[in-house]
Structure formats: structure tokens, C-alpha cells
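Report on one structure; see the data block that follows.
The values are calculated or read from the model by the stated rules, or taken from the named source; none is laboratory data. Bear in mind the structure is a predicted one, so any value in this text is a computation, not a measurement. Don't worry about glycine lacking a Cβ; one is built from the backbone with ideal geometry, like all the others, and counts go over all protein chains shown.
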Amino acid sequence: MQFLILGLLLDGPLSLYDLRKRFASGISLFYAASFGSIQRALGHLESNGWATRVDADDSRRRKKLYVIEESGRSAWREWMLSPITGTDPEPTMLAKVYLLGRLPDQDRGECLRLLRERIVGDEEALASLATGLDETEIPGDLREVYRYRRATLDYGIRVHTLMTQWLDELERR
């Protein structure tokens, strides 16, 4: 989440409440964040020196804004150009695509290539699992159980195929 917030701070200084509004107005559809998790991520950004908290000039209520530092810009760019790790790549992939317009033109292709590489790798692993399952003899009393488990695996393969096509379209545009 900290890198998604850094990407949002590239648009300009934002308060904790501004960030919460950004998540609530659409980002939360692909990247869930509670008020507390945003607050913790901001604390982490401050402690790393990637963002600074400053007083808003036009506020009588001592509104605090977060401003991205140069080290935060560098950390964000490094994250954008790094492979996705972990077991659930979709939220990170969508966050990176959401922020892709902030990367210089010459870096966008590399980011998309890395995203595609991860998704294709996961799709191949799912397809291999499906092949192995399809070659396994299923006892008659478990066929119905197997049918729904196999349907779930098929869904995962289809989603990954769609993600790959979508990333290919983004790259072509």
C-alpha cells in the first residue's frame, strides 16, 4: 500500500483524509484499505524519509499534508519496475497499471512486460495443474466434487488469460 500512496502523492500533497477519499472513490474496488492501514502506511513512508508531513498553508485547523520526497520518488519508480511477488498478484498489478501514467514513457513498456511475465507464469502453472488433474482417474463417487473443483481452476485460468490479453492491449495502445 505504501507504494500506491507514494504514487498518489506524485499528484501533489494530500492529507490522510484526502487519501482515504481517493481510496473510497474507486481505488478500493481493486485495492482495499482501511483508515488505519493508510495511517500506518503514511507513518512508514515518513520513517523511511519517502514522505514528509507539513502544515497546510490555508488551514486554521492545522491540517497536515503529506509530500513525497525525492527518495520516495526513487523508491516508487523502483517498485513500479520490479517484479510482483506474493500469492495474490492482481491487486498489485492493478495498482501499478493505475499509476502507470506517472512513469516516463521509456519505463512503461518495462513495467508492462514485468506484469505480463508474472501473469503468464501463473497462468502456465494453473494450466499445468489442470493437465495433471485431468490425467488423474477420479472415482465415481468423487466426480461431482471434482467437477466443481476443476471449474474453479478453469476460472483461474480464464482470468489469467483475460489479464494477459488486457495487458497486451495496453501495451499496443
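Test residue 49 against the criterion of being at pLDDT 95 or above, buried (at least 19 other Cβ atoms within 10 Å of the Cβ) and over 21 Å from residue 162 (Cβ atoms), and give yes or no. It is false that residue 49 is at pLDDT 95 or above, buried (at least 19 other Cβ atoms within 10 Å of the Cβ) and over 21 Å from residue 162 (Cβ atoms).
Could you grab me the full set of residues in segment 88-106 that are of a type in the set (S, T, N, Q) and either over 10 Å from the mean Cα position of the chain (by Cα) or exposed (fewer than 14 other Cβ atoms within 10 Å of the Cβ) (or both)? Spell out how you get there, then give the answer.
Of all residues in segment 88-106, those of a type in the set (S, T, N, Q) come to 92, 106.
If the condition is that a residue be of a type in the set (S, T, N, Q) and either over 10 Å from the mean Cα position of the chain (by Cα) or exposed (fewer than 14 other Cβ atoms within 10 Å of the Cβ) (or both), then 106 is the only one that fits.
Would you call residue 149 among the charged types (D, E, K, R), in contact with a helix residue (DSSP H, G or I) (Cβ under 9 Å, 6 or more places away or on another chain), over 26 Å from residue 27 (Cβ atoms) and assigned to a helix (DSSP H, G or I)? In short, yes.
For residue 109, are the conditions met, namely being under 23 Å from residue 125 (Cα atoms), at pLDDT below 95 and either surrounded by 15 or more Cβ atoms within 10 Å (Cβ to Cβ) or not polar (S, T, N, Q) (or both)? So that I can check it myself, show each step before the final result.
Numbers: under 23 Å from residue 125 (Cα atoms): no; at pLDDT below 95: yes; either surrounded by 15 or more Cβ atoms within 10 Å (Cβ to Cβ) or not polar (S, T, N, Q) (or both): yes.
Criteria not met by residue 109.
Could you check, for segment 71-87, whether at least one of its residues is under 21 Å from the mean Cα position of the chain (by Cα), crowded, with 16+ Cβ neighbours inside 10 Å and under 20 Å from residue 164 (Cα atoms)? Scanning segment 71-87 turns up at least one residue that is under 21 Å from the mean Cα position of the chain (by Cα), crowded, with 16+ Cβ neighbours inside 10 Å and under 20 Å from residue 164 (Cα atoms).
Confirm whether residue 133 is over 30 Å from residue 9 (Cβ atoms) and surrounded by 11 or more Cβ atoms within 10 Å (Cβ to Cβ).
Working: over 30 Å from residue 9 (Cβ atoms): yes; surrounded by 11 or more Cβ atoms within 10 Å (Cβ to Cβ): yes.
Answer is yes for this residue.
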